[in-house]
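K.L.:
I'd like to ask some things about the structure below.
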Amino acid sequence: MDRKELIERRQLKRFNAQDGAFAVTRNHVSKLGQIMNVSLRGLAFKYIANGQQSNETFELDIFLSGHGIHSKNIPSKTVSDFEMKNEFSFSSIRMRRCCVQFGELTRIHISQLEDFIQNHTAA
């Protein structure tokens, strides 16, 4: 499946997150990374590869640099997790992109995500 087919399957528009927005997974394999885009159904974030990937369900926290936690314990599962092309050929740091689908959200989670999208993303 190519990237165009994947994008067309999405039911909700993704919004590009502003700098300083981060996600952290809360399970036995924690990942911390910068949020790339987000919708009410899921998000994508990039993180430094640590050799461990997990495709199970987990809880996710979203926080903003300088503002603390924005939303916590969002039920989630990994849809894809793949190595990104290295922008700098001389760098040995490997980056991965983790695409996450949210599980059943509470009203509080929905409200927090709507606020995050409205105030901390660009169209």
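K.L.:
For segment 1-113, please list each of the strands (runs of 3 or more DSSP E) lying entirely inside it that holds at least 2 residues being at pLDDT below 85.
P.N.:
So the answer is 68-83.
K.L.:
Can you find a residue that is closer than 18 Å to residue 35 by Cβ, in contact with a helix residue (DSSP H, G or I) (Cβ under 6 Å, 6 or more places away or on another chain), surrounded by 15 or more Cβ atoms within 10 Å (Cβ to Cβ) and touching a residue at least 24 places away in the same chain (Cβ under 8 Å) anywhere in segment 82-102?
P.N.:
No, every residue in segment 82-102 fails to be closer than 18 Å to residue 35 by Cβ, in contact with a helix residue (DSSP H, G or I) (Cβ under 6 Å, 6 or more places away or on another chain), surrounded by 15 or more Cβ atoms within 10 Å (Cβ to Cβ) and touching a residue at least 24 places away in the same chain (Cβ under 8 Å).
K.L.:
Give me the pairs, please: first residue somewhere in segment 17-41 and without any contact (Cβ under 8 Å) to a residue 40 or more places away in the chain, second residue anywhere and surrounded by fewer than 17 Cβ atoms within 10 Å (Cβ to Cβ) and among the hydroxyl-bearing types (Ser, Thr, Tyr), beta-carbon distance under 6 Å, and either six or more positions apart or on two chains.
P.N.:
Final answer for the pair search is 29/54.
The values are calculated or read from the model by the stated rules, or taken from the named source; none is laboratory data. Note that the structure is a prediction, hence the values are computed from the model and not measured. Positions of Cβ are generated from backbone atoms using ideal geometry, with glycine treated the same way; all protein chains shown enter the neighbour counts.
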